[in-house]
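Trainee: Just dropping this structure here.
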Amino acid sequence: MRFETLAIHADHSKDPASGDVTPPLHLSTTFERESSSNPHGYVYTRTENPTRAALERLLATLEGGAEGAAEAAAFASGSAATAAVFQSLAPGDHVLAPSDVYHGTARQLRTVFAPWGLAVDFVDMSDLAAVEAALRPNTRLLWVESPSNPLLKISDIAAICALAHAVDAVVACDNTWATPVAQRPLELGADLVVHSTTKYLGGHSDTLGGAVVARTGDERFARIRQIQGSLGAVLSPFDCWLTMRGVRTLAYRMRGHTEHALAVARFLAEHAAVEAVHYPGLPTHAGHAVAARQMSLFGGMLSVQTHGGAETAMAVAGATHIFTRATSLGGVESLIEHRASVEGPESLTPQNLLRLSIGLEHPDDLIEDLDQALRTATRG
Ligand SMILES: *Cc1c(COP(=O)(O)O)cnc(C)c1O
């Protein structure tokens, strides 16, 4: 079966008792025992729940393929899923992360996991020589995010996996921006995939969640599963249900997001008020060749640097009518944000940069909105 079909059927969660064609929502926190056994395999919702199990089957299949041995664990947020991967390491282990990794991941590493005993270095992951030079004897994990946030840098996932595996380190790839529609890190050699399902998988800006998908249910995944149940940052049944509902249309939404983002990127690249556009689908993008090789779609995220510094960029964001000024991404509605303000004083993001999550409105309306906002902001 192909991706679109799996996205609709891979959770196998129809209820045989009722014939429901959509998955039942199992809100029960506890499950009946028979003398000494659990006939249905469920005990207590923190450790296992049928609706969560359905979502986990679905995500494992979409990242790992229908015949794969992949397994998934769903968490209360992308950040909780990220944390579970770091928590599965031991104090003293060294982690290599991208210098422009999602700022929440960098903050977690600096403020929680460095004090807890992980050694952490940040490196430009689009530069393979820099990655190789940063490896240490105790390097156990390489964290990859491609495209990166917010500069849309592309890292060569297969090449990074080869470098990591040569020194017995594993690779975890944050696939939130690309989604399994556009990029399958497990097929490129990654050991773990992490998602903020809050974004494209949920797809409608109404459910917060995350997941870790492992190539196999090995010891490492068993540890992540144990962290999920024992620390308890699990995804609620209703959020699992909303996420499955979102995933049904993921392939079609990603095609629309990509088509619209390419149209907007081409428009911005020609605009007199624009200094630079970062979108891997443009042939002028530094990572275009690698992206074309490892992605089947270039996705719906782009960033733009305007002439005239932070003030002009903020004025552009202030003048849009269809783009909503808000953080986050991956919903059907288009969002615009001045990223450096969101990231705070430690941000390395250029001050004239706006990050755009391109939604599913008509692309001509999005282009007209940006055009009038750029004109309004540069008129002074
Ligand atoms: C949003 C995001 C996260 C964090 O996910 P939450 O669900 O907000 O905790 C992690 N990585 C990337 C790339 C993201 O965009």
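The values are calculated or read from the model by the stated rules, or taken from the named source; none is laboratory data. Because the structure is a prediction, the values reported are computed rather than measured. Quick reminder, even Gly has a Cβ in these numbers, built from the backbone with ideal geometry, and neighbours come from all protein chains shown. With ligands, DNA and RNA removed, areas are computed over all heavy atoms of the protein, side chains included. Shrake-Rupley method; radii C 1.70, N 1.55, O 1.52, S 1.80 Å.
Trainee: First obtain the Kirkwood hydrodynamic radius of the range 251-378 from its Cα pairs, then insert it into the Stokes-Einstein equation at 10 °C and 1.306 mPa s, and state the resulting D in µm² per second as a whole number.
Mentor: For the chosen part, D equals 109 µm²/s.
Trainee: How big is the charge dipole of the range 175-257 about its Cα centre, in debye rounded to the nearest 20, if each Lys and Arg gets +1 on its Cβ and each Asp and Glu gets -1 on its Cβ?
Mentor: 200 debye
Trainee: Next question. May I ask for the equivalent-ellipsoid semi-axes of the range 329-373, computed as the square root of five times each C-alpha gyration tensor eigenvalue and listed largest first in whole Å?
Mentor: 24, 13, 6
Trainee: Something else: Rounded to the nearest 10 Å², what accessible area does L96 show when all protein chains are kept and the probe is 1.4 Å?
Mentor: 0 Å²
Trainee: Relative contact order for the range 260-327: what percent, with Cα pairs under 8 Å and sequence separation of 6 or more?
Mentor: On the way: 64 pairs, mean separation 19.9, N = 68.
That works out to 29 percent.
Trainee: Please report, in debye to the nearest 20, how large the charge dipole of the chain is about its Cα centre when each Lys and Arg carries +1 at its beta carbon and each Asp and Glu carries -1 there. Provide the component values of the computation, followed by the final result.
Mentor: Values: 28 positive and 41 negative charges, 68 e Å.
The calculation lands at about 320 debye.
Trainee: May I ask for the angle, rounded to the nearest 10°, between helix 250-269 and the longest principal axis of the chain, with both axes built from Cα atoms and the value confined to 0 to 90°?
Mentor: 20 degrees
Trainee: Using a Debye calculation, one point per C-alpha and no hydration shell, please list log10 I(q)/I(0) for the range 190-236 at q = 0.14 Å⁻¹ in order.
Mentor: Results for the range 190-236 at q = 0.14 Å⁻¹ read -0.39.
Trainee: Okay, next question. Rule-of-thumb check for the range 42-145: C-alpha Rg over 2.2 N^0.38 Å?
Mentor: 1.25
Trainee: Determine how large the accessible area of M295 is when every protein chain is in place; take a 1.4 Å probe and give Å² rounded to the nearest 10.
Mentor: Using a 1.4 Å probe on the heavy atoms, I get roughly 10 Å².
Trainee: Once phi is turned into θ = phi - 60°, what whole-Hz ³J(HN,Hα) does the Karplus curve with 6.51, -1.76 and 1.60 give for every residue of the range 82-98, x standing for Gly and Pro?
Mentor: 4, 4, 4, 5, 5, 5, 6, 8, 10, x, x, 5, 9, 10, 10, 10, x
Trainee: Have a look at E32, E337, E48 and tell me which one the Gaussian network model of the chain (Cα, springs below 10 Å) gives the largest fluctuation.
Mentor: E32
Trainee: Still on this structure, I have one more. Could you tell me how many degrees, from 0 to 90 and to the nearest 10, lie between the Cα long axis of helix 363-378 and the main elongation axis, the longest principal axis, of the Cα atoms of the chain?
Mentor: 50 degrees
Trainee: What percent does the relative contact order of the chain come to when contacts are Cα pairs within less than 8 Å and at least six residues apart?
Mentor: After rounding, I find 16 percent.
Trainee: Continuing with this model, one more query. Suppose R0 equals 22 Å; then what is the FRET efficiency for A276 and T376 from their Cβ-Cβ distance, rounded to the nearest 0.05? Could you put the intermediate results ahead of the total?
Mentor: Values: r = 21 Å, r/R0 = 0.93.
The formula returns an efficiency of 0.60 here.
Trainee: A further question on this structure: Once all Cα-Cα distances of the range 209-316 are split into 5 Å bins that start at 0, what whole-number percent is in each one?
Mentor: For the range 209-316, the binned pair fractions read 2, 10, 13, 13, 13, 12, 13, 11, 8, 4, 1 percent.
Trainee: With unit charges on the beta carbons (Lys and Arg positive, Asp and Glu negative) and the dipole taken about the Cα centre of the range 22-137, which residue among V43, A83, P137 sits farthest to the positive side?
Mentor: V43
Trainee: Still on this model: Which of L353, A326, I367 sits closest to the plus end of the dipole of the chain, meaning its Cα is farthest towards the positive end, when Lys and Arg get +1 and Asp and Glu get -1 on the C-beta?
Mentor: A326
Trainee: Taking θ = phi - 60°, what integer Hz values does the Karplus form 6.51 cos²θ - 1.76 cosθ + 1.60 yield along the range 315-329, in sequence order, with x for Gly and Pro?
Mentor: Along the range 315-329, the couplings run 5, 4, 4, x, 9, 7, 10, 8, 5, 8, 7, 6, 7, 6, 6 Hz.
Trainee: Please list, ordered by chain and number, the residues whose modelled amide H lies under 5 Å from the amide H of D93; skip anything fewer than 5 residues away on the same chain.
Mentor: So D93 has HN proximity to A119.
Trainee: As a test of understanding, state the convex hull volume per residue of the chain from its alpha carbons, in Å³.
Mentor: Taking the convex hull of the Cα positions in the chain, it is 138 Å³ per residue.
Trainee: Which cross-chain or sequence-distant (5 or more) residues have an amide H under 5 Å from the amide H of D15, H modelled 1.01 Å from N in plane?
Mentor: D20
Trainee: Hey, another quick one. What value, in deg cm²/dmol to 500, does the helix sum -39500 (n - 2.57) over DSSP H runs of n ≥ 4 give at 222 nm once divided by the residues of the chain?
Mentor: Details: 14 runs with 142 residues, N = 380.
Result for the chain: -11000 deg cm²/dmol, rounded to the nearest 500.
Trainee: Between the helical axis of 50-64 and the dominant principal axis of the chain, each derived from Cα atoms, what acute angle in degrees is found, rounded to the nearest 10?
Mentor: That helix lies at roughly 60 degrees to the long axis.
Trainee: How would I367, I157, I322 rank on accessible area, largest to smallest, probe 1.4 Å?
Mentor: Sorted descending by solvent-accessible area, the residues read I322, I367, I157.
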